[in-house]
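To start, the structure itself, in structure tokens.
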Amino acid sequence: MAAPKTLSFLNLVMVALNFLWIACLENGFLFSFSFTDTIAFYPSYLTPAKFSYKIWTFIAFNMVLAAYMMYVGTQKNSLNENVVRKIEKIDYLLILNQMALGLSMTLKHNDYFYWSLMYSIICLVSVMVINKRIQIQKLTTNSFTRYFIRLGFGVYTGWLMFVIGFNFAVILSKLSLTLGDAFYFYLNLGALAIICACMLAYSYYNYLPSVSAVLAWGSYGAYVENKQDPLPTQYDILPFLIISMILGLIFTAFNYYRCTVRRKSLTVAIQEPPSIT
């Protein structure tokens, strides 16, 4: 493993360059079309409206800021032992994660959705391992660095989970003619149910209201898309997307409350002197 200072610098550079590449793909700077244009060729019940993808800008800002804060925490004049330990635990995983993300987006842009889905899963698994190693569920104290680590990795993890769901739906869209309308609808509904359950459970277990907030955002995007440009079938997924949105908002508020309670209890525990027995 490289020294924490070197590793944190490599993480920062990799995250910044990778999200710059994603911005170029999203906005069609390098090519005559964006990856959202590729997705639009395969409409599904779970494909969100184009505005939903702007979340990548929010993710990029927070991930770059989180990587920068970790880099600052390894510098001699602002050394933070907790940050150093977290970087040591992350090791090269964040770099590998960003490589998988870049490959996933590039493959999606070029209509290789099967390979893109595989790399998206690798990306999600690696960021979940990072979250576990840094014990993200415990980073609820009042700290600027910890706040942006939780926010950046939380939103990023949540959106990856939702992305895997609608990437799967895009693959189903390619097979929709052979699946039939009814089977195609229920497969999409099953994918929505699985995504919803996984994101809510992960949000609750890890004290991450950002994950359930992303569920609400993605469901809202899919709702708008289905409302404005419904698929030519007799099946309606809108009520289920509304339920998904409501559950996402409820869990966001509830988990934020749990984080606040935990933060206050930790503050009290730090301030109180140990009892003498």
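Sorted from largest down, what three extents in whole angstroms do the Cα atoms of region 79-168 have along their principal axes?
44, 22, 17
Roughly what angle does helix 238-271 make with the longest principal axis of the chain, taking Cα atoms, 0 to 90 degrees, to the nearest 10?
Tilt of helix 238-271: around 0 degrees.
Dipole of the chain, Cα-centred, from +1 at each Lys and Arg C-beta and -1 at each Asp and Glu C-beta, to the nearest 20 debye? Don't skip to the answer; put the middle values down first.
Details: 19 positive and 11 negative charges, 217 e Å.
That gives the chain a dipole magnitude of about 1040 debye.
Whole number in Å², please: accessible area per residue of region 16-127, 1.4 Å probe, ligands, DNA and RNA not counted.
Here the residues of region 16-127 average 47 Å² of exposed surface.
Return the Cα extents of region 54-132 along principal axes one, two and three, sorted largest first, each rounded to a whole Å.
Sorted from largest, the Cα extents of region 54-132 read 47, 24, 16 Å.
Using the beta-carbon distance between PHE31 and THR178 and R0 = 35 Å, what value does 1/(1 + (r/R0)^6) give for FRET efficiency, to the nearest 0.05?
Values: r = 31 Å, r/R0 = 0.87.
After rounding, the FRET efficiency stands at 0.70.
Using 5 Å bins from zero, what percent of all Cα-Cα pairs in region 2-96 falls into each bin?
2, 13, 19, 17, 13, 11, 9, 8, 5, 2, 0
Considering the alpha-carbon set of region 204-254 alone, what are its Rg and its Dmax in angstrom?
12.5, 40
Given the rule -39500 (n - 2.57) for each run of at least 4 DSSP H residues, summed and divided by the residues of the chain, what is its mean residue ellipticity at 222 nm, to the nearest 500 deg cm²/dmol?
Per the formula, -26000 deg cm²/dmol.
If you consider only alpha-carbon coordinates, what radius of gyration and Dmax does region 169-228 have, in Å?
Values for region 169-228 (Cα only, Rg and Dmax): 13.7, 42 Å.
Two decimals is fine: what's Rg over Rh for region 177-264, C-alpha atoms, Kirkwood radius as Rh?
With Rg and the Kirkwood Rh in hand, the quotient comes to 1.09.
With unit charges on the beta carbons (Lys and Arg positive, Asp and Glu negative) and the dipole taken about the Cα centre of the chain, which residue among LEU30, TYR235, ILE149 sits farthest to the positive side?
Of the listed residues, the answer is ILE149.
On a 0 to 90° scale, report how tilted helix 55-72 is relative to the longest principal axis of the chain, with both axes built from alpha carbons and the result rounded to the nearest 10.
Roughly 20 degrees between the two axes.
Note down the net charge around PRO4, summing +1 for each Lys or Arg and -1 for each Asp or Glu among other residues with Cβ under 11 Å from its Cβ. Mind showing how you got there, number by number?
Numbers: positive: LYS5, ARG85, LYS86, LYS89; negative: GLU81, GLU88, ASP91.
Computed value for this residue: +1.
Per residue and in Å³, how big is the convex hull formed by the alpha-carbon atoms of region 110-254? Can you show the working numbers first?
Values: hull volume 16.8 nm³, N = 145.
Output value, Cα hull per residue: 116 Å³.
Mean projection of the alpha-carbon convex hull of the chain over all orientations, in nm²?
Average of the hull's projected areas for the chain equals 16.8 nm².
Jot down the per residue volume, in cubic angstrom and as a whole number, of the convex hull over the alpha-carbon atoms of region 1-45.
Value for region 1-45: 107 Å³ per residue.
Sort out the exposed loop chymotrypsin sites (Phe, Trp or Tyr not before Pro) in the chain (DSSP loop, at most 16 other Cβ within 10 Å) and tell me the longest stretch that has none. Intermediate results must be reported in sequence, preceding the final value.
Values: sites that count: PHE29, PHE31, PHE33, PHE41, TYR92, TYR112, TYR235.
The longest uninterrupted stretch comes out as 113-234.
Could you work out what % of the accessible surface of the chain is carbon and sulfur, using a 1.4 angstrom probe and leaving DNA, RNA and ligands out of the count?
Within the chain, the accessible surface is 68 percent carbon and sulfur.
How many nm separate the modelled label positions at ALA23 and TYR235, each set 7 Å beyond the Cα in the direction of the Cβ?
About 3.9 nm, to one decimal.
The values are calculated or read from the model by the stated rules, or taken from the named source; none is laboratory data. Since we're looking at a predicted model, the values are computed, not measured. Don't worry about glycine lacking a Cβ; one is built from the backbone with ideal geometry, like all the others, and counts go over all protein chains shown. Accessible surface areas use protein heavy atoms only, side chains included; no ligands, DNA or RNA. Shrake-Rupley method; radii C 1.70, N 1.55, O 1.52, S 1.80 Å.
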